[in-house]
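Encoded as structure tokens, the structure appears first; notes follow it.
No value in this document is a laboratory result; all are computed from the given coordinates. Everything numeric here is computed off the predicted structure, so don't read it as measured data. Don't worry about glycine lacking a Cβ; one is built from the backbone with ideal geometry, like all the others, and counts go over all protein chains shown.
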Amino acid sequence: MSWFRRVEKGIVTPTEQKKETPDGLWYKCPSCKAVTNTTEHKKNLYTCPKCDYHERINSAEYFEVVFDENKFEELDAKLSSSDPLNFVDTKPYPKRIQATQEKTQLIDAVRTAHGQINSLPLVVACMDFNFIGGSMGSVVGEKIARAIDFARQHKYPFLMISKSGGARMMEAGYSLMQMAKTSAKLALLSEEGIPYISLLTDPTTGGVTASFAMLGDFNIAEPGALIGFAGPRVIKETIGKELPKGFQSAEFVLEHGFLDFIVNRKELKQKLTDLISMLHQPEEAEKNTAATRKKTIKA
Ligand SMILES: [Zn+2]
């Protein structure tokens, strides 16, 4: 009887890769294996004190890093996905959404909010990877588009924190439309002279890389983040060649001109503040908005 025998061969986990750290007390760095007290790790903004490995964090943690005293007002917090295609894979899409919502306590894969960063106003959209791989469905696209509109309305700079596996397969074509929608909104933001900073975190791939994540006035990334369009396995299978080592790391992407700089999470808030103070002149933005309006009326 096959369930008494090991059918697949070669399942061997070396001792050093076995996970044995109990949750809640200690954090074991997956890169250098150093063990840190979780409180210490949190204080270090979830980066390893020994090797600086940046652990993946979600919107709750990023909001805490960016916003003064973790004070912010969430936008469109209740926007939730419907099922336009009656999609069923291993389970119906609405069931999957509901189960993920219960598990993550999130409504969808992005949260948008406005608040202050070192006393400067800022609108932030931050993706949550633990919600169906941070996939971009219509809710993600719509929330980002609305956050950009909010930024335009108030002339606040906009920060996008991306972390995504790409388009959401269960919404097929509707997902792909979000690329055009968010890009068009960003074009309006740009015409009005309002700064847009895009932070790419681990991982930023697929349709997200191919749209809003790469459209910033500044495109910046966290160290070691995986940034690419298709995953390495897919590319390797398509072109049938070995790929250069680490070719989709933030460092490689920076070297090839797709990023402006890499920022350590511990310096993120200050760097963002510097960029915003340098880029943002609200009076200038006001003039540009008026010019855009005139153009629109003429057209
Ligand atoms: Zn480490």
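Using the crude model of +1 on Lys and Arg Cβ and -1 on Asp and Glu Cβ, and no other charge, please compute the dipole size for the chain relative to its Cα centre, in debye to 20. Don't skip to the answer; put the middle values down first.
Details: 39 positive and 37 negative charges, 159 e Å.
I would put it at about 760 debye.
Going by a 4.7 Å Cβ-Cβ cut-off, which cysteines of the chain have no partner at all?
Unpaired cysteines in the chain: C126.
Filter the cross-link list K143/K287; K43/K95; K163/K245; K181/K266; K71/K271; K43/K185 down to pairs whose alpha-carbon distance in this structure exceeds 25 Å. It would help to have the intermediate numbers written out before the result.
Numbers: K143/K287 27 Å; K43/K95 37 Å; K163/K245 22 Å; K181/K266 33 Å; K71/K271 19 Å; K43/K185 36 Å.
Over 25 Å Cα-Cα: K143/K287; K43/K95; K181/K266; K43/K185.
Give me the percent relative contact order of segment 187-299, please, defined on Cα pairs under 8 angstrom at least 6 residues apart.
Working: 139 pairs, mean separation 32.9, N = 113.
Once normalised by length, the contact order is 29 percent.
For the chain, the longest stretch holding no trypsin sites (Lys or Arg not before Pro) located in a DSSP loop with at most 16 other Cβ atoms within 10 Å is which?
Details: sites that count: R5, R6, K9, K18, K19, K33, K50, R56, K71, K78, K241, K245.
Segment 79-240 is the longest.
Along the charge dipole of the chain, which of S164, A290, G224 sits closest to the positive end, that is, farthest toward it, with unit charges on the beta carbon of Lys, Arg, Asp and Glu (+1, +1, -1, -1)?
Among S164, A290, G224, the one farthest towards the positive end of the dipole of the chain is S164.
Seen from all sides and averaged, what is the projected area of the convex hull of the Cα atoms in the chain, in nm²?
On the way: hull surface 79.6 nm².
Result: 19.9 nm².
Would you give the gap between the C-alpha center of segment 249-289 and the C-alpha center of segment 69-142, rounded to a whole Å?
Measuring centre to centre over Cα atoms gives 24 Å.
Report relative contact order for the chain in percent, whole number only (criteria: Cα-Cα under 8 Å, sequence separation at least 6).
Computed over the chain, the figure is 13 percent.
Scan the chain and hand back the longest stretch that contains none of the GluC sites (Glu not before Pro) lying in DSSP loops with at most 10 other Cβ atoms within 10 Å.
Working: sites that count: E8, E20, E242.
My reading of the result: 21-241 is the longest stretch.
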